[in-house]
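Below: one structure, written as structure tokens.
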Amino acid sequence: MKIEIRELTKYYGSYRALDNINLIFNEGIHGLLGPNGAGKTTLIRILSTLLPQTSGQICYDSTSVADKREIRRIIGYLPQEFSFYPGFTVYETLDYFASLSNKKLSKKEILDRLEAVNLQDLWKAKTKTLSGGMKRRLGIAVALVGEPEVLIVDEPTAGLDPEERIRVRNMLSQLGKTKTVLLSTHIVEDIALSCKSLSILNKGRLVYNGTVKDMVKSSEGYVWDLTVDFKEYEGYMDKYNVISSIVDGDKALLRLLSKEKPSLNAVSTSPTLEDAYMRLIKDV
């Protein structure tokens, strides 16, 4: 499934939330990254037919996003915030959402779908007893119940512990082998470990679109490690974009961004995706 976005703009009153966005997504898992307020959720909601664009065009293959009924048939959507009926069991929840999608699933089919998200042993559990990660996985099962060609997920690992984040990331990576998956997040690590391509929004504008590898490569020579006396610490914090700092007695270990070597003892180091992302957002 190919998703093509052309000259997409969205206004809320006089505020421009999205500014002339042009993107193409094909099969695989694609990351949509940006700080809070960058326009990610607005774009996701437009792609999911929940919000109209002000101008521009979006097509899923040859189908316009204006054809809401057809688009909703081919997409599954997991919003950042969602809830289930607390008195329903996991099994009843999936059965209920299947019926809303005009799907009549057998008990085996429901259990198979729960097994795919590692919830088969909890099929009798009430949703109110599930952890945050379990609810996210059930949300993915619900989003997939209509067998969509495209899966759109908004901040799927927000608030999860490390083990659950890994589980959800791995699940999305598996789905990306056969579907077009759009992953919107502000967690850089989720993109680095799961996505084949990356698009970055900042203040409603598309500031990068390409591979994770090329994004990282673009920041070579901009990342520095150095140790400074603690009395110099504040000066470096004020002058440079410091990515991390560790105070160790009367010394401070800094990792920072700079076009030029910041001091004689600074050592150029290989950038990570987080380094590259911060360089782009901070316009170093």
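Could you give each residue of the range 131-136 its phi-based ³J(HN,Hα) in whole Hz, using Karplus coefficients 6.51, -1.76, 1.60 with θ = phi - 60°, and x for Gly or Pro?
6, x, x, 5, 5, 4
Give the cross-link partners of K103 among the aspartates and glutamates, using a straight C-alpha distance below 13 Å as the criterion and excluding same-chain residues fewer than 8 apart.
D95, E147
Need the list of lysines near K108 for cross-linking: C-alpha distance under 17 angstrom, and skip anything on the same chain fewer than eight residues off.
Of all the lysines, those that pass the test against K108 - Cα under 17 Å, at least 8 places apart if same chain - are K124.
If you take the beta carbon distance between R6 and K213 as r and set R0 to 25 Å, what does 1/(1 + (r/R0)^6) give as a FRET efficiency, to the nearest 0.05?
Details: r = 26 Å, r/R0 = 1.05.
Once rounded, the FRET efficiency stands at 0.40.
Between E220 and L253, what is 0.36 nm times their sequence separation minus the Cα-Cα distance? Round to one decimal in nm.
9.9 nm
K128 versus V284, label points 7 Å from Cα toward the beta carbon: distance in nm?
About 4.9 nm, to one decimal.
Report the label-to-label distance for T178 and D112 in nanometres (one decimal), using points 7 Å from each Cα along the Cα→Cβ vector.
Placing both labels 7 Å along Cα→Cβ, they lie 1.0 nm apart.
Between Rg and the Kirkwood Rh of the range 219-282, both from Cα atoms, what is the Rg to Rh ratio?
With Rg and the Kirkwood Rh in hand, the quotient comes to 0.95.
If you plug each phi of the range 216-231 into the Karplus form 6.51 cos²θ - 1.76 cosθ + 1.60 with θ = phi - 60°, what whole-Hz ³J(HN,Hα) values come out, in order, with x for Gly and Pro?
Each residue's phi maps through the Karplus curve to give 5, 4, 5, 9, 4, x, 10, 10, 10, 10, 7, 10, 10, 5, 4, 5 Hz.
For the chain, go through all pairs of different Cα atoms, get the mean of 1/r, take its inverse, and jot down that Kirkwood value in Å.
20.8
So what is the calculated 222 nm ellipticity per residue for the chain, using -39500 (n - 2.57) for each DSSP H run with n of 4 or more, over all residues, to the nearest 500 deg cm²/dmol? Walk me through the intermediate numbers first.
Working: 10 runs with 95 residues, N = 284.
-9500 deg cm²/dmol, from helical runs alone.
Which cross-chain or sequence-distant (5 or more) residues have an amide H under 5 Å from the amide H of A17, H modelled 1.01 Å from N in plane?
K10, Y11, Y12
Where does the range 55-171 land on Rg(C-alpha)/(2.2 N^0.38 Å)?
With N residues counted in the range 55-171, Rg over 2.2 N^0.38 Å equals 1.11.
Quick one: which residues, 5+ away or cross-chain, put their amide H under 5 Å from the amide H of F88? H built at 1.01 Å from N.
T127
Based on the mean of other Cβ atoms within 10 Å per residue, sort peptides 66-72, 26-32 so the most packed one is first.
In descending order of packing, they fall as 26-32, 66-72.
K251: which lysines have alpha carbons under 21 Å from its alpha carbon, excluding same-chain residues fewer than 8 sequence positions away?
Counting by Cα, and skipping residues close in sequence, K251 has these lysines nearby: K231, K239, K261.
What FRET efficiency comes out for K68 versus N102 if R0 is 22 angstrom and r is the Cβ-Cβ distance? Round to the nearest 0.05.
0.90
Multiplying the sequence separation of D19 and L51 by 0.36 nm and subtracting their Cα-Cα distance, what value in nm do you get?
My answer for the length gained is 10.0 nm.
Quick one: 3J(HN,Hα) in Hz for the range 161-172, Karplus 6.51/-1.76/1.60 with θ = phi - 60°, rounded, Gly and Pro as x.
For the range 161-172, the Karplus curve yields 6, x, 5, 5, 4, 4, 4, 5, 4, 4, 5, 5 Hz.
Full-extension gain between K203 and M237, please, as 0.36 nm times their residue separation minus the C-alpha to C-alpha distance.
Result: 9.8 nm gained on full extension.
None of the figures in this text is laboratory data; all of them are computed from the coordinates on show. These figures come from a predicted structure and were not determined experimentally. Cβ atoms come from the backbone with ideal geometry, glycine included; neighbour counts cover every protein chain shown.
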